[in-house]
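Values in this text are rule-based calculations from the coordinates and carry no lab data. Owing to the predicted nature of the structure, the values given are computational and were not obtained by experimental measurement. Note: ideal-geometry Cβ built from the backbone for every residue, glycine included; neighbour counts use all protein chains shown.
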Amino acid sequence: MTEFLKMHGLGNDFIIFDWRDGGWRDGGPMLIGATAARVLADRRLGIGCDQILVIRESGTADIRMDILNHDGSSSGACGNGTRCVADYVMRQTGRDELSIETDGGHLRARFDGGDQIAVDMGPAATGWREVPLAREVDTLQVPLGLDGLGDAVCHSLGNPHAVVFVDDAEAVDLRRLGPLVEHDALFPDRVNLSVVSRIDKGAFRMRVWERGVGITMACGSGACAVGVAIVRRGLGPRRNRIVMDGGAVQIDWDEASRHVTMTGPVTYVCQGTLSPELDALLETSRLERIDGAT
């Protein structure tokens, strides 16, 4: 039977598989196809989550973390998930710091006192090709062409982000506008949309639509993107408190290295084993991936 762990970072929740032993029952690679991912992530048919995280061995870091969205698509970054995985592995190994390989780059995590985990999410990529955008546009002023949304600040934190500053984040119809921005032709890899309003000096309210997921209670890489956008637009300092539906994180954008560090809590929910039915679905999905059918 396949074991799993359920965790969340400020309500942004994850199914975590620890597959550092490197294989399935027959010794082959552990892979999850889109069909199995969608069922596992479904809150009625499966366990339910925003993202699925797979911990693997790495040849270049302490561990590798693979990320699948709710719809089965892959992602290069997941800030809240990185904090959760880092806390789990560091507690298991007795370490205070950890390096993590992802498709979006190498990250570093550390204990920061109490239940707080700090993650260096790497440098923000601000060029239009790096986001990526479909054409050359000033990434400080990206027109979205939608009523209710002004120009976005766009950059990449291992995945693409569009940040829009508004008078009142609560008043934005994110459920309608989110998918329109996510699937706009300007964003060939789709995009995460954050709408942001100022609370007071050094504190901002953020609501987020995550590509491949929808509205979530929190988004770590999105909060990092907001922290960078605040500085790029000249709206605040390099250290800000970002308040999401599920709670707040602290974002620091270092001027010298341009690396973004996020600090926030993690929560353990449950652990268990998949049912025979879900286990069989995972096996079928693995064979589909090996055959190239998904």
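Starting from one equal scatterer on each C-alpha and no solvent at all, send me the Debye-based log10 I(q)/I(0) for the stretch 230-288 at q = 0.15 Å⁻¹, two decimals.
Results for the stretch 230-288 at q = 0.15 Å⁻¹ read -0.66.
If you take the Cα Rg of the stretch 123-264 and divide it by 2.2 N^0.38 Å, with N the number of residues, what do you get? All intermediate terms of the calculation are to be shown ahead of the outcome.
On the way: Rg = 13.4 Å, N = 142, 2.2 N^0.38 = 14.5 Å.
Computed over Cα atoms of the stretch 123-264, the ratio equals 0.93.
Please compute the length gained on full extension between D189 and D96, using 0.36 nm multiplied by the number of residues separating them and subtracting their Cα-Cα distance.
Numbers: separation 93, 0.36 × 93 = 33.48 nm, distance 3.48 nm.
Full extension from D189 to D96 adds 30.0 nm.
Sequence-distant or interchain residues sharing an amide H contact under 5 Å with A152, placed H: which?
Hits under the 5 Å cutoff: V142, L144.
Return the distance in nm (one decimal) between the two label points of a simple spin-label model at D103 and E3, each offset 7 Å from Cα along Cα→Cβ.
So the two model labels end up 2.7 nm from each other.
Through the Karplus equation 6.51 cos²θ - 1.76 cosθ + 1.60, θ set to phi - 60°, convert the phi angles of the stretch 40-57 into ³J(HN,Hα) values in whole Hz; use x for Gly and Pro.
Result, rounded to whole Hz: 4, 7, 5, 7, 10, 8, x, 7, x, 5, 7, 9, 9, 10, 10, 8, 10, 5.
Can you give the % of DSSP beta bridges in the chain that are antiparallel, to the nearest 5?
Working: 61 of 76 bridges.
In the chain, approximately 80 percent of DSSP beta bridges are antiparallel ones.
Collect residues whose amide H, placed 1.01 Å from N in the peptide plane, falls under 5 Å from the amide H of V249; neighbours closer than 5 in sequence don't count.
Hits under the 5 Å cutoff: I242, M244.
Of the DSSP beta bridges with both residues in the stretch 33-132, give the percent that are antiparallel, rounding to the nearest 5. Mind dumping the intermediate values first?
Numbers: 17 of 19 bridges.
Counting only bridges with both partners in the stretch 33-132, antiparallel ones make up about 90 percent.
Give me the one-decimal Kirkwood hydrodynamic radius in Å for the chain, with the sum taken over alpha-carbon pairs.
Numbers: mean 1/r = 0.0519 Å⁻¹.
With all distinct Cα pairs of the chain included, I get 19.3 Å.
For helix 220-232, report the angle its Cα long axis makes with the longest principal axis of the Cα atoms of the chain; keep it between 0 and 90° and round to the nearest 10°.
20 degrees
Just order 261-270, 108-117 by mean Cβ neighbour count inside 10 Å, highest at the front, would you? Please report the intermediate quantities before stating the final value.
Working: 261-270: 18.4, 108-117: 16.4.
Final packing ranking: 261-270, 108-117.
May I ask you to derive the relative contact order of the chain, considering only C-alpha pairs under 8 Å and at least 6 residues apart, and to give it as an integer percent?
Numbers: 707 pairs, mean separation 62.3, N = 294.
Worked out over the chain, it gives 21 percent.
Given 0.36 nm per residue, what is the gain on full extension from A256 to V269 after removing their alpha carbon distance, in nm? If you can, show how the numbers build up before the last one.
Numbers: separation 13, 0.36 × 13 = 4.68 nm, distance 3.79 nm.
My answer for the length gained is 0.9 nm.
How far apart, in nm, are two points set 7 Å out from the Cα along the Cα-to-Cβ line at R175 and at S73?
2.1 nm
So how much slack lies between A61 and A203, counting 0.36 nm per residue of separation and subtracting their Cα-Cα distance, in nm?
Working: separation 142, 0.36 × 142 = 51.12 nm, distance 3.37 nm.
Extending this stretch completely gives an extra 47.8 nm.
For the stretch 123-264, what's the relative contact order in percent, using C-alpha pairs closer than 8 Å and at least 6 residues apart? Could the numbers behind the result be given before it?
On the way: 314 pairs, mean separation 27.1, N = 142.
Taking the mean separation of contacting Cα pairs over the length of the stretch 123-264, I get 19 percent.
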